[in-house]
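To start, the structure under review is shown below, and the notes come after it.
The values are calculated or read from the model by the stated rules, or taken from the named source; none is laboratory data. What you see is a predicted model, and the numbers here were worked out from it, not measured in a lab. As a convention, Cβ positions derive from the backbone with ideal geometry for all residues, glycine included, and neighbour counts pool all protein chains shown.
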Amino acid sequence: MKLIERKEYVDWLKSYKDKKIIKVVTGLRRVGKSTIFDLFINSLLQDGVEGKQIVKVNFEELENERLRNKTALYNYLVEKIPQDKTLYIFLDEIQRVEGFEEVVDSLFVKDNVDVYITGSNAKFLSSEIATILTGRYVEINVLPLSFKEYYEHFKAKGKDRRTLFTEYITYGAMPGMFMFDTGSNEQREYIDSVYKTILEKDVLKRNSAASKQLVEGILSYLVYNIGCLTSAKRITDYLNSNGTKVSYNTVDSYFDTLQDCFFVYKADRYDVVGKEYLKLINKYYVTDFGFKYYILNNKTVELPQILENLIFLELKRRRYKIATGKVAEKEVDFIIKDGETIKYVQVAVSVMDEEKLKQELRPFGEIKDNYPKYIITLDDYFVKDHGGVKTINAIDFLLGEEI
C-alpha cells in the first residue's frame, strides 16, 4: 500500500537532520509515527545516505526483545557507528526499554550519531527523564491525518471536498483505516481493534487497578461533553449519580492516563480580563472521532462539538499554544499564541442567523486589546469582516488557510 504523505512531520525531521539534538516523536498508538520514520528514511536514501548508515529498531517487535535491555541495546548500536559517516538511529516505541534515557544520553555525546525516538506515552518524557535529557531534545506530537492530508490523498477519486469532509468527520482519520473501503465492515472492525488495543495496552495495563467499564464511562463522558468545561470532580459526580461508586482519586488517575497516552488533550482555561490561567476546570478534546461509535455506543455527538474539536486539533498541528478563554461571564473558544502574537478564535457551524452572529461576536466586544479576532464557520457565504473580526470558512482553514 502506498504510504500517505505526512509532509509537515517529515519536513520537521528534515529541519533537524544532522543537528546535535535528539528528535522525539510522540503520539497515540497507531497514529503513524513509524510510517513517518519510514518516509523520512526514504528521503535519506534518496539523498544519498547509504543503507548501512541507517538503523531502525521497533521495540514492539518480538525479534527485538533482547534489545529491550539497555546495555544490550547500547552495545548493539555503538558497534554500528562508522568513523567517517553519520549513523542515523531510529528507536521506535522506546518506552519499552527500561532506562532508555541513559542509552539515548550516551549516544548523544558521541560523534557521527543522529538520534530519533518515538513513544506512545507522555510518561516516557516524565520530569526525571526530561531532567537527564534537558536541553538535548526537541519534540513533535503526531496527530491522525489532517483534513488536508486526507483530502490530498482521496481527491483523485472524484469526490468534492464537502463529501470528503463528511467522511472525515464520520469515520475518523487514523492512517491504517485507509487500507479498507470507506465505511466498510472491515474498516469498522479495524478501528474497533485499534480502540481496544489502546484501551488494553495504554490505559488498563498501565493502571493495575483499572476497570474497563469505569474507563469507558470516563471516555464516554469526555466525548459526549466536548467543548464543555470539565474536571475530574465533575466526572466523579456524574458517575456516582449514575450508580457507579468511585472515588475522585481513582477518576483523576484514569483521567491522567488517558491524557498520557494521547487519547485526549487538555486545553487550559485563561482569564482574559484577569490575565491568568485558571485551575481545576478545563476543556478536553479527543484525538480522533473515528472512536466515537465505540465509546458512545451509537449516541450522537453534535456537529458544533465535532467542528470545535477539529479546529482544536488543527491549531495543535500548527504548533500554537492553545487555551480556552474566559471573558467576564462569556467564553472565547480558543486563545492561541505564536511567539508573542495572540489571536482569538470563535468556532460556529453557521453564523447566517443574526442572533447567532451576535452571540459569537459578543465576547470579542469585552476584550480590550487589539489582537486579531476570527470566526471560523462552515458557512460558504458570509461577510468577511465584522468590525475587524475576520470570518473564515472552516474547510478552507482545515485545508491550510492561515489566520
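Annotations
- Residue in region 346-379 that is farthest from the chain's Cα centre (by Cα), counting only those that are touching a residue at least 40 places away in the same chain (Cβ under 8 Å) and assigned to a loop (DSSP other than H, G, I, E, B): Glu366
- Exactly one residue out of Thr131, Thr166 is among the hydroxyl-bearing types (Ser, Thr, Tyr), at pLDDT below 90 and either farther than 25 Å from Asp38 by Cα or more than 20 Å from the chain's Cα centre (by Cα) (or both): that is Thr131.
- Region 250-274 - residue that is surrounded by 15 or more Cβ atoms within 10 Å (Cβ to Cβ), within 19 Å of the chain's Cα centre (by Cα) and touching a residue at least 60 places away in the same chain (Cβ under 8 Å) and, of those, nearest to Asn370 (Cα to Cα): Ala267
- Test: Val55 is in contact with a helix residue (DSSP H, G or I) (Cβ under 7 Å, 6 or more places away or on another chain), surrounded by fewer than 17 Cβ atoms within 10 Å (Cβ to Cβ) and touching a residue at least 24 places away in the same chain (Cβ under 8 Å): yes
- Looking across region 338-356, the residues that are farther than 24 Å from Val10 by Cα and either in the same structural domain as Tyr221 (by TED's automatic domain parsing) or surrounded by fewer than 21 Cβ atoms within 10 Å (Cβ to Cβ) (or both) come down to Glu340, Thr341, Ile342, Lys343, Val349, Ser350, Met352, Asp353, Glu354, Glu355, Lys356.
- Check on Lys292, of a type in the set (Lys, Arg), in a helix (DSSP H, G or I) and buried (at least 20 other Cβ atoms within 10 Å of the Cβ): yes
- The set of residues from region 158-175 being part of a helix (DSSP H, G or I) and more than 22 Å from Glu189 (Cβ to Cβ) comprises Arg161, Arg162, Thr163, Leu164, Phe165.
- Flag if Ile342 is of a type outside the set (Asp, Glu), part of a strand (DSSP E or B) and out of contact with any strand residue (DSSP E or B) (no Cβ under 6 Å at 6 or more places or on another chain): yes
- Condition check for Phe382: farther than 19 Å from Tyr285 by Cβ and assigned to a helix (DSSP H, G or I): no
- All conditions but one from (1) under 24 Å from Arg6 (Cβ atoms); (2) assigned to a helix (DSSP H, G or I); (3) touching a Phe, Trp or Tyr at 6+ places or on another chain (Cβ under 9 Å) apply to Val215; the one that does not is (1).
- Among (1) loosely packed, with under 13 Cβ neighbours inside 10 Å; (2) under 30 Å from Val113 (Cβ atoms), the one test that Gly158 misses: (2)
- Test: residue in region 231-249 that is within 23 Å of the chain's Cα centre (by Cα), part of a loop (DSSP other than H, G, I, E, B) and at pLDDT 90 or above: yes
- Within region 385-403, the residues that satisfy the criterion of being part of a loop (DSSP other than H, G, I, E, B) and under 30 Å from the mean Cα position of the chain (by Cα) are Leu399, Gly400, Glu401, Glu402, Ile403.
- Region 189-203 residues that are touching a residue at least 24 places away in the same chain (Cβ under 8 Å), paired with ones that are in a helix (DSSP H, G or I) and of a type in the set (S, T, N, Q) (beta carbon under 7 Å, 6 or more apart): Val203/Thr257
- Members of region 217-250 found to be of a type in the set (A, V, I, L, M, F, W, C) and over 30 Å from Val25 (Cβ atoms), listed by number: Cys228, Leu229, Ile235, Leu239, Val246
- Residue check for Asp333: in contact with an Asp or Glu (Cβ under 8 Å, 6 or more places away or on another chain), closer than 22 Å to Ile403 by Cα and of a type in the set (Asp, Glu): yes
- Single residue of Asn309, Asn282 found to be in contact with a strand residue (DSSP E or B) (Cβ under 9 Å, 6 or more places away or on another chain), part of a helix (DSSP H, G or I) and either crowded, with 21+ Cβ neighbours inside 10 Å or touching a residue at least 24 places away in the same chain (Cβ under 8 Å) (or both): Asn309
- Residue count for region 312-328, restricted to those that are more than 14 Å from the chain's Cα centre (by Cα) and crowded, with 18+ Cβ neighbours inside 10 Å: 5.
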